[in-house]
Amino acid sequence: MKILYKIAIAFIVAALPGTVLAGGWPVKKGNYLVSVTASYFRASQLWDKSGKLGSYDQGGYFESRSLSLYGEYGISRRLTGVVSLPYIINEFKQQDMPSVTSQGLGDMEFGVRYYLTNINFKYYFAIQGMAIAPLYSSTGLGFSSGGAEVRAIGSGSGKIGSKNYYINAEVGGRQYFQNAGPFQVRYTGAFGLNFDKHNQVAVGVSGNYSTSINKTLDQNLVLNKDFSYTQGSFSYAYIVNPKLSFFAGVNQFLLGRSTGKGTTFSLSVITKF
Amino acid sequence: MHKLKILFTAVLMLVATQAFCAVNSFLQQQHDEEQEGPEQEGEFTFEALPKKKEGLFQPGDKIEYELKIHNSYNVVQEGTVSYLITDLKDKELGSKSMPVKIGKHGNGKYSFTLPQQKDPGFYKVAFMINVTEYDDTLRRVFGFNAKQIKSTAQRPVDFDDFWSDARAELNAVKPNFKITEQPAMAQGGTNVYLVEAQSLGNLKVRGWLTMPKNLKPGKKLPVWLVLPGYGGIGVKPIFGNSELAILSFNVRGQGNSRDIVHPTKDGYLTTDIENKKKYIYRGAIMDCIRAVDFICSRPELDSTNIICSGGSMGGYLSIVTCSLDKRVKLCSANNPVFCDFRALQGNPDWPMSAIVTYSKNKYIPMNKLLDNLDYYDLKNFSGKLDCKALIGVSLLDNLAPPYNEYTMLNNIKSNPKVFVYPELAHEVPPSLFTYLSSWMMDEFGIF
């Protein structure tokens with residue numbers, strides 16, 4: 001008589017969650033996810049309106065340094081509040097002119113992400129709505145215009161052999177509320193692989209297709225409204241524990257039109273509590 | 001003289017070595033002769049896979065199986081593959097045979113379309129292979145129009161009153177909950193507590209609660225209530241993660257709740273079965289409700305996020321608890337037993353075998369026992385199962401046969417997620433536990 005019935009308890013417990021995640025995954029109700037990112041970008045080459053690459057004249061360049069605070073808060077099982085606040089220092093130098101520096105708080109973005117559904121608890125899908133509010137008056141920091149964005153997000157994780165992986169894909173439309181817009185289609189995709197409990201590498205691609213009736217091409221990249229670019233990224237993460245991770249990343253512009261070609265280096269810390 | 005001694009020793013060793021090799025060679029040769037036959041590499045395999053992954057066919061579906069054969073011998077295999085289909089009472093419903101020829105170390109694939117069935121139900125099918133060097137039989141079960149399976153047994157008209165009375169009786173017993181930390185049992189960041197409560201008949205029942213240490217003030221943890229399977233061993237502390245409390249609760253006669261009520265393993269099922277108001281499961285079911293009472297009494301436990309789970313008898317108790325107690329949010333039950341007792345008559349396996357033996361030994365008519373068991377039949381509870389549920393069923397399960405499981409499942413008005421395993425008996429695969437974990441995590445919002 002085989003009546004005893006064993007539950008694979010150990011298996012269940014081992015399968016319980018988690019690491020620090022963002023993307024399409026919700027945040028537990030009442031919990032926070034916070035990240036701080038420092039980044040440095042420099043472009044000394046320019047793509048013109050037809051996508052032809054050239055150099056800034058006589059040692060000109062565009063440089064941007066920023067410190068960004070990003071936060072998520074679990075409002076309910078399905079709803080996550082999202083906010084980001086950057087502090088930006090932009091520096092632009094043209095020919096033999098002295099460099100011009102603008103600094104201050106940039107565009108604050110805030111909104112909510114709604115967890116739509118999942119596929120076998122492996123792939124999560126969400127939709128996110130954000131408002132954009134400029135916290136500056138200087139044109140050297142952004143479009144000085146309010147805006148709104150709607151974004152669809154899909155994220156997943158699983159195993160390749162014995163290694164954990166994650167994927168993330170996002171696409172969104174953003175409209176700035178001024179005469180010349182612009183309207184932007186922004187997209188990003190990433191694939192990360194955990195080599196062990198602590199080390200993760202990720203590669204990604206992202207881009208922005210921005211359209212406006214204002215077709216002006218300015219060497220001060222912040223002023224351009226009609227442009228596009230695609231960039232590739234590589235990042236390394238050190239996962240201290242499921243609630244704390246450090247990231248180091250590099251983004252390289254690969255293709256573009258009416259914008260600068262440059263490289264971004266960034267360092268981040270992400271924590272969940 | 002010394003050199004001569006060395007030489008002599010060397011010759012002796014050489015002779016000994018040669019002799020050893022010769023003996024070995026002889027033995028090997030003899031062994032080879034004894035084993036004379038076709039050279040074999042790996043295992044001969046014979047598989048039968050239903051065209052529908054879960055082995056469940058709908059009207060209009062071709063009831064088709066694919067047979068896969070791997071010949072591991074260095075000999076051509078000739079013979080037949082065949083099937084024999086019967087109903088659950090072994091009445092023959094059809095058979096067919098076809099010749100096969102599989103090359104040396106070759107593979108073969110054959111397809112059988114079984115005759116269409118008229119009646120909703122589960123059917124047994126045996127696939128046989130009889131070839132030159134290999135004979136084997138695979139036994140499978142498939143379902144036809146399973147969602148239309150209905151029990152012929154009626155639910156007692158006073159079923160709800162019977163259980164309302166039991167709840168009222170339980171409510172009249174002061175629970176006197178007691179929780180005692182067990183420092184010696186703590187593991188890592190998790191504390192263990194002994195939970196004690198007075199239940200139906202003022203009987204003390206116990207369980208184990210595990211919770212993360214250093215819980216923030218005001219934080220409420222979702223609770224996973226785990227109920228025991230049959231056998232008396234019960235459930236022990238389970239160590240989860242920092243976002244979950246786990247209550248492993250032993251109903252009377254199980255685990256650490258065996259001090260007063262302690263029937264034998266075989267006798268548990270029939271303890272006071274002849275009296276529906278004293279039957280051991282009346283108390284055991286109320287013990288489960290008391291466990292939910294305990295959860296709801298604790299400020300650190302989230303009474304809005306409770307999952308109740310178990311396998312076999314634990315699956316039975318889980319569905320019963322969730323049907324009777326709407327405070328439970330999620331239900332998980334694998335291979336739940338005690339569905340449609342009356343349809344189990346004639347079944348030689350437990351639990352019916354134990355009930356029939358008891359009936360004979362005690363001279364109590366079977367009908368009398370079955371009348372009482374109607375109040376404990378899982379199919380009679382499942383109509384009230386409203387919460388989200390995850391249920392695992394295995395088609396080769398002789399203790400919780402699929403026909404009986406479907407009489408219970410088809411009474412559920414909500415839409416449970418049912419996983420069906422055509423090649424398993426009284427068990428479910430690890431993948432279901434992974435799914436359960438992810439499902440629970442998602443429903444509780446533990447991201």
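Quick rundown of the values:
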{"item": "Burial ordering of A:TRP25, B:TRP163, fewest other beta-carbon atoms within 10 Å first", "result": "B:TRP163, A:TRP25"}
{"item": "Globularity ratio of the protein assembly as shown, using Cα Rg and 2.2 N^0.38 Å", "result": "1.30"}
{"item": "Computed over segment B:73-229: relative contact order in percent, which uses C-alpha pairs under 8 Å that are six or more apart", "result": "14"}
{"item": "Along each principal axis, Cα extent of segment A:20-272, largest first, Å", "result": "56, 36, 30"}
{"item": "Selected from B:SER151, B:SER437, B:SER95 as most flexible by GNM, with chain B as the system and alpha-carbon contacts under 10 Å", "result": "B:SER437"}
{"item": "Efficiency of FRET from Cβ geometry, A:ASN199 and A:ASP48, R₀ 41 Å, rounded to 0.05", "result": "0.50"}
{"item": "Inter-site label distance for A:TYR40 and A:PHE234 at 7 Å from Cα along Cβ, in nm", "result": "1.8"}
{"item": "Cα-centre dipole for segment B:139-234 with unit charges at Cβ (Lys and Arg positive, Asp and Glu negative), debye to 20", "result": "560"}
{"item": "Relative packing of peptides A:168-178, B:307-317, B:362-372, B:255-265 - highest average C-beta neighbours within 10 Å first", "result": "B:307-317, A:168-178, B:255-265, B:362-372"}
{"item": "Cβ-placed point charges (K, R +1; D, E -1), dipole of chain A about Cα centre in debye, nearest 20", "result": "1320"}
{"item": "For B:ASP374, net neighbour charge (Lys/Arg +1, Asp/Glu -1) across residues whose Cβ lies under 12 Å away", "result": "+1"}
{"item": "Per-residue Cβ neighbour rank within 10 angstrom, fewest leading, A:SER162, B:SER438, A:SER157", "result": "A:SER162, B:SER438, A:SER157"}
{"item": "Shielding of B:222-229 by partner chains, average beta-carbon count, 10 Å", "result": "2"}
{"item": "Loop-located trypsin sites (Lys or Arg not before Pro) in segment B:117-223, at most 10 other Cβ atoms within 10 Å (DSSP)", "result": "B:LYS118, B:LYS213"}
{"item": "Partner chain coverage, peptide B:425-437 - average Cβ within 10 angstrom", "result": "4"}
{"item": "Rg/Rg_ref, segment B:45-148, where Rg_ref = 2.2 N^0.38 Å and atoms are Cα", "result": "1.13"}
{"item": "Residue-count net charge about B:ILE280 - beta-carbon cut-off 9 Å; Lys, Arg +1, Asp, Glu -1", "result": "+2"}
{"item": "Fewest-first ranking of A:ILE132, B:ILE391, using other Cβ atoms within 10 Å as the exposure measure", "result": "A:ILE132, B:ILE391"}
{"item": "Charge dipole (debye, nearest 20) of segment B:372-428; +1 at Cβ of Lys and Arg, -1 at Cβ of Asp and Glu", "result": "320"}
{"item": "Gyration tensor (alpha-carbon) shape descriptor, chain B, a/c threshold 1.5", "result": "oblate"}
{"item": "Top positive-direction residue, dipole computed over chain B with Cβ charges, set B:GLY314, B:THR434, B:PRO99", "result": "B:GLY314"}
{"item": "For chain B: relative contact order, % (alpha-carbon pairs under 8 angstrom, 6 or more apart)", "result": "11"}
{"item": "Hull-based mean projected area of segment B:144-293, where the convex hull spans the alpha carbons, in square nanometres", "result": "12.5"}
{"item": "FRET E, pair A:SER206, B:LYS104, Förster distance 45 Å, beta-carbon r, rounded to 0.05", "result": "0.20"}
{"item": "Estimated 222 nm signal from helices in chain B, with DSSP H stretches of n ≥ 4 weighted -39500 (n - 2.57), rounded to 500", "result": "-8500 deg cm²/dmol"}
{"item": "Leading residue at positive end of dipole, the protein assembly as shown (Cβ point charges), from B:GLN198, B:ALA146, B:TYR363", "result": "B:GLN198"}
{"item": "Span per principal axis, largest first, for the Cα atoms of segment A:113-188 (Å)", "result": "51, 23, 19"}
{"item": "Span-like helix ranges in chain B, DSSP H, alpha carbon extent 24 angstrom or more, Kyte mean at least -1.0", "result": "B:2-34, B:280-297"}
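Taken together, the values in this text are just the output of simple stated rules run on the coordinates, not laboratory data. Predicted model only: the values in this text are computed from it and were never measured. Heads up, the Cβs are rebuilt from the backbone with ideal geometry, glycines too, and the neighbour counts pull from every protein chain shown.
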